[in-house]
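Enquirer: If you scroll down you'll find the structure; I have some questions about it.
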Amino acid sequence: MAVLDNMRRDRLVEFMDGFEKIGLGLKEMYQMITLGGDASLDLKDSMDPFTQGIQFMVRPPKKSWKQIENLSGGEKTLASLSLVFALHHYRPTPLYVMDEIDAALDFRNVSIIAHYIKDRTKNAQFVVISLRNNMFELGDRLVGIYKTFDRTQSVVIDPPQVQSVQEECARRDQEVLTKSCSASDEEMDDVDDISLLVKESQRRRSRSFSRGDNKENRLSRLSQRTRLPSIAEDRETDTS
């Protein structure tokens with residue numbers, strides 16, 4: 001009996017020590033992730049912690065204390081991740097697999113979680129399944145899974161190589177745009193030359209028309225000055 005009592009006492013001491021450390025880590029982690037929230041782990045029965053369980057409560061920023069089952073989807077995700085990261089601090093493991101942990105998070109919280117995971121990869125490896133750009137863009141390797149012709153295939157991408165390829169594509173696009181702009185300028189010059197020729201031709205044509213009109217006007221005035229006598233004038237002359 002003495003040996004069994006000693007084992008129970010050692011178990012209680014070790015459990016309470018880990019429980020307190022995890023509770024402090026949870027509080028710090030939740031405050032960091034939510035930028036001002038608070039969290040707590042409490043024993044439902046402090047006299048017998050192994051039978052009644054643990055109560056997990058959080059207080060999101062500018063809100064009241066709530067049990068985790070009463071939180072929204074995004075708030076539950078942040079609370080759960082805070083507990084997971086607190087456990088990681090207390091008893092680290094070499095590998096973590098996380099499946100779309102950011103599905104219910106907004107852009108800001110996804111960025112916070114992504115940068116935290118990036119910082120923790122110094123001591124552990126994280127395999128994160130995600131569809132959010134600001135999550136997987138911080139990965140050291142990107143593994144894409146796709147299906148073609150009823151066959152599932154995968155491709156591994158190195159983000160630095162992706163950046164260099166993007167820069168090369170941007171450079172080529174700029175060259176193509178510059179060439180097209182220069183070609184357009186040449187075409188516009190040709191169009192301007194043609195329009196100048198058309199305007200010059202129209203100007204000459206209008207000038208020739210005006211000259212013709214002036215000539216006709218001069219002939220008309222000349223004919224009026226030197227017009228021939230009419231038949232009535234000839235009769236008056238004969239009568240006289």
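The values are calculated or read from the model by the stated rules, or taken from the named source; none is laboratory data. What you see is a predicted model; the values in this text were computed from it and never measured. Because the Cβ atoms are built from the backbone with ideal geometry, glycine has one as well, and the counts that use them run over all protein chains shown.
Enquirer: Counting only residues that are in contact (Cβ under 8 Å) with a residue 12 or more places away in the chain, outside the structural domain of D140 (by TED's automatic domain parsing) and more than 35 Å from the chain's Cα centre (by Cα), give me the strands (runs of 3 or more DSSP E) lying completely in the range 1-120 with at least 2 of them.
Expert: Hits in the range 1-120: 38-43, 54-59.
Enquirer: I need the full set of residues from the range 47-79 which are surrounded by 11 or more Cβ atoms within 10 Å (Cβ to Cβ) and among the hydrophobic types (A, V, I, L, M, F, W, C), in order please.
Expert: Listed by number, the residues that qualify are F50, I54, F56, M57, V58, W65, I68, L71, L78, A79.
Enquirer: On to the next question. How many of the residues making up the range 91-110 are out of contact with any strand residue (DSSP E or B) (no Cβ under 9 Å at 6 or more places or on another chain) and surrounded by 14 or more Cβ atoms within 10 Å (Cβ to Cβ)?
Expert: Count: 5.
Enquirer: Within the range 94-122, restricting attention to residues that are touching a helix residue (DSSP H, G or I) at 6+ places or on another chain (Cβ under 9 Å) and polar (S, T, N, Q), which residue is nearest to V156 (Cα to Cα)?
Expert: If we take residues in the range 94-122 being touching a helix residue (DSSP H, G or I) at 6+ places or on another chain (Cβ under 9 Å) and polar (S, T, N, Q), then S111 is nearest to V156 (Cα to Cα).
Enquirer: Those residues that are exposed (fewer than 15 other Cβ atoms within 10 Å of the Cβ) and under 27 Å from L12 (Cβ atoms), I need them from the range 29-45; list them, please.
Expert: S40, D42, K44, D45, listed by residue number.
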